[in-house]
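The structure under discussion appears below in the form of structure tokens.
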There are 2 protein chains.
Amino acid sequence: MLSRLARLTTNAELPVLARFDLTMWEYVVLLGLGEGPVRTQSALAEAIGADKTRIIHVLDTLQQRGLITREPDETDRRVRLVGLTPTGRRTLHDSQAAIQDNETVLLNVLADGEQRRFLRNLERLYEAAPDLLG
Amino acid sequence: MLSRLARLTTNAELPVLARFDLTMWEYVVLLGLGEGPVRTQSALAEAIGADKTRIIHVLDTLQQRGLITREPDETDRRVRLVGLTPTGRRTLHDSQAAIQDNETVLLNVLADGEQRRFLRNLERLYEAAPDLLG
DNA sequence: TATTGTTATACTCTATAACTATA
DNA sequence: TATAGTTATAGAGTATAACAATA
């Protein structure tokens, strides 16, 4: 049930992201950087539930388009400090708003109080899942 | 959030299903037949949110293992009536119980009343999604 | 030796279109 | 011609292992 719902919502969101010239993983990476810069690409990958090898091409693209910065750390030159540029932050803000408009269509199936409750519970499960399920 | 939660739970459930020698799609097909036989494979595929071409190999396997029947309809020999055998029904029952045990671990993150509420809302969204999102 | 980032590759999953048999 | 089922194939998504640079 969860899987199918995720697939349907994902497919419905792809055209919205396309308006911002973003793939799903590019959007997820921007979201992962929204709270602030991240010190290693591995940490970023883990935070968004992706493989570290998979986001590399995503980071390449986002960097080329000037949406993120990827600077070597001076104290440990193996790691790259990744963060949003002002353009990247604006793109994240705009696309996130569009996505939320889209989600509202579905969430309106639920009564107003239930919407907030559902999202809160979903978030709680989302946070607990990695520890409980590996 | 939904996608990652779905992926985590799916991955956590695969070992459980493996104990019954079932893949995820085989399990989903058995679930789709749980309420009763289905008159066409296309209808079954659509009901579980799959492509009609994808479940064919699944049906082949389940039939070979004696978990489902797949009889040609006498009035229209193009269509196949698909249903569970007694063995199939038992396998579904047992595997479903094991899966639910597994899900309980995660759902226990939520308070008792919230669990039921979350599942009810999830079901409501699940049912509305195909119409609203395509 | 261990770790970060990268590349290459193989594997799985999914979608699409073409084929058959019935109607 | 249209539909149910099937097959084949190409594409996307994913996981794994090997590699270079740095610690």
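What follows draws every value from the coordinates through simple rules; no lab data is involved. This one's a predicted model, so the numbers in the text were calculated from it and none came from an experiment. Heads up, the Cβs are rebuilt from the backbone with ideal geometry, glycines too, and the neighbour counts pull from every protein chain shown.
Convex hull volume per residue, computed on the Cα atoms of segment A:69-125, equals 127 Å³. Shortest first, B:MET1 label-point distances to identical copies amount to 1.8 nm, with the label point at 7 Å from Cα along Cα→Cβ. In chain B, which whole DSSP H runs stretch at least 15 Å along their own axis (Cα) and average 0.0 or higher on the Kyte-Doolittle scale? Helices passing the filter in chain B: B:2-18. Each other copy holds its own label point for A:ARG39; taking that point as 7 Å from Cα along Cα to Cβ, the gaps run 6.4 nm, nearest first.
Applying a DSSP loop filter and a limit of 12 other Cβ atoms within 10 Å to the trypsin sites (Lys or Arg not before Pro) in segment A:1-93 leaves A:ARG19, A:ARG54, A:ARG77, A:ARG78. A convex hull fitted around the alpha carbon atoms of the protein assembly as shown yields 162 Å³ per residue.
A cut-off under 13 angstrom between Cβ atoms defines the neighbours of A:LEU122, and their net charge, with Lys, Arg +1 and Asp, Glu -1, is +1.
A Stokes-Einstein calculation at 10 °C with viscosity 1.306 mPa s, built on the Kirkwood radius of chain B over Cα pairs, returns a diffusion coefficient of 97 µm²/s.
Could you let me know the centre-to-centre spacing of segment A:108-134 and segment B:35-73, using Cα atoms, in angstrom? One Cα centre to the other: 33 Å. When chain A is turned onto chain B, its residue with the beta carbon nearest the axis, and that distance in whole angstrom, is A:ALA6, 2. Across B:ASN108, B:ASN121, B:ASN11, mean-square fluctuation computed from a Gaussian network of chain B (C-alpha pairs under 10 Å connected) peaks at B:ASN121. Pick from B:VAL38, B:VAL105, B:VAL16: which is most flexible by mean-square fluctuation in a GNM of chain B where alpha carbon atoms under 10 Å apart are linked? Per the Cα network of chain B with a 10 Å cutoff, B:VAL105 tops the list. Each copy carries a label point for A:HIS93 at 7 Å from Cα along the beta-carbon vector; from one copy to the others these points are 6.0 nm apart, nearest first. Modelled spin-label separation between A:ALA97 and B:LEU119, with each label point placed 7 Å from Cα along the Cα-to-Cβ direction: 4.0 nm. For segment B:68-76, backbone phi angles converted through the Karplus equation (6.51, -1.76, 1.60; θ = phi - 60°) give residue-by-residue couplings of 9, 10, 9, 9, x, 6, 5, 7, 8 Hz, Gly and Pro being listed as x. Annotation for B:GLU127 and A:PHE20: the two label points, set 7 Å from Cα along the Cα-Cβ direction, are 3.3 nm apart. Nearest 500 deg cm²/dmol is fine: what mean residue ellipticity at 222 nm does the protein assembly as shown get from its DSSP H runs of n ≥ 4 alone, each adding -39,500 (n - 2.57), divided by its residue count? That calculation yields -21500 deg cm²/dmol at 222 nm.
State to the nearest 20 debye the size of the charge dipole of chain A about its Cα centre, where the only charges are +1 on K and R beta carbons and -1 on D and E beta carbons. Intermediate values should be presented prior to the final figure.
Values: 17 positive and 19 negative charges, 30 e Å.
Computed about the Cα centre, the dipole is about 140 debye.
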